[in-house]
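All remarks here apply to the structure that follows.
The values are calculated or read from the model by the stated rules, or taken from the named source; none is laboratory data. Just so it is clear, the structure is predicted and the values come from calculations on it, not from any experiment. For neighbour counting, all protein chains shown are included, and Cβ atoms are generated from backbone atoms with ideal geometry for every residue, glycine included. The accessibility values were calculated without ligands, DNA or RNA, using every heavy atom of the protein model including side chains. Shrake-Rupley method; radii C 1.70, N 1.55, O 1.52, S 1.80 Å.
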Amino acid sequence: DAGVTQSPTHLIKTRGQQVTLRCSPKSGHDTVSWYQQALGQGPQFIFQYYEEEERQRGNFPDRFSGHQFPNYSSELNVNALLLGDSALYLCASSLYVGAPEAFFGQGTRLTVV
Amino acid sequence: DQQVKQNSPSLSVQEGRISILNCDYTNSMFDYFLWYKKYPAEGPTFLISISSIKDKNEDGRFTVFLNKSAKHLSLHIVPSQPGDSAVYFCAASEGPFQGAQKLVFGQGTRLTINP
């Protein structure tokens, strides 16, 4: 049973560019959340998707947007990249939208230069 | 505003002894708490959770204690094993089963188990 998978694992982008990160949830899970983890910090909630809609959003600017597809996979898009966007981006899936536990992928390490 | 705090960035424990990791929170709306373990180059792995209606939950070597009046929870690992060396994150949410659930994480505690 495949867990949460994310691609790519590493990415280097230039300031001002746009990036798309991808996530496939754990089998049987229909809810996907995205988190940003800066170095030495805990993960911070970006947003959550269920039934192809954004259900809740954290304190992130509109440059961060997402999408969920009918097969429950999800994308995170970040526009106009800043140096401060360099972080580990984690995708988590849950069995349903209010499920108490979230299961994380290995993350995408984004470096903005 | 850091709503979930893990005040010890690191902890070193001898193999076989008890490891105690602590977590404090400020938001009284939190009523579900989780611990995650993270190895380098991997995503966080769910370890154990506790609802606010309980004060203790056990799973094998892992026990989580919740003190609601003090807004404090702790994770006990007994006995500690070398494979337990990792970064441990405490997380909280304002109630599962009530729609979209956002986890708020602490900064993490790096646990090192010495042989």
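All told, B:Pro82 falls short of being at pLDDT below 95, closer than 20 Å to B:Val13 by Cα and surrounded by fewer than 20 Cβ atoms within 10 Å (Cβ to Cβ).
Under the condition of being touching a residue at least 60 places away in the same chain (Cβ under 8 Å), closer than 17 Å to A:Pro25 by Cα and open to solvent by 20 Å² or more (accessible area, probe 1.4 Å), the residues counted in the range A:60-110 number 6. Pairs meeting the criteria (first residue in the range B:36-52 and crowded, with 22+ Cβ neighbours inside 10 Å, second residue of a type in the set (D, E, K, R), beta carbons under 6 Å, at least 6 apart or on different chains) are B:Pro44/B:Lys38. Where strands (runs of 3 or more DSSP E) fall entirely within the range B:1-76, those with at least 2 residues that are within 13 Å of chain A (Cβ to nearest Cβ) are at B:19-25, B:32-38, B:45-51, B:56-59.
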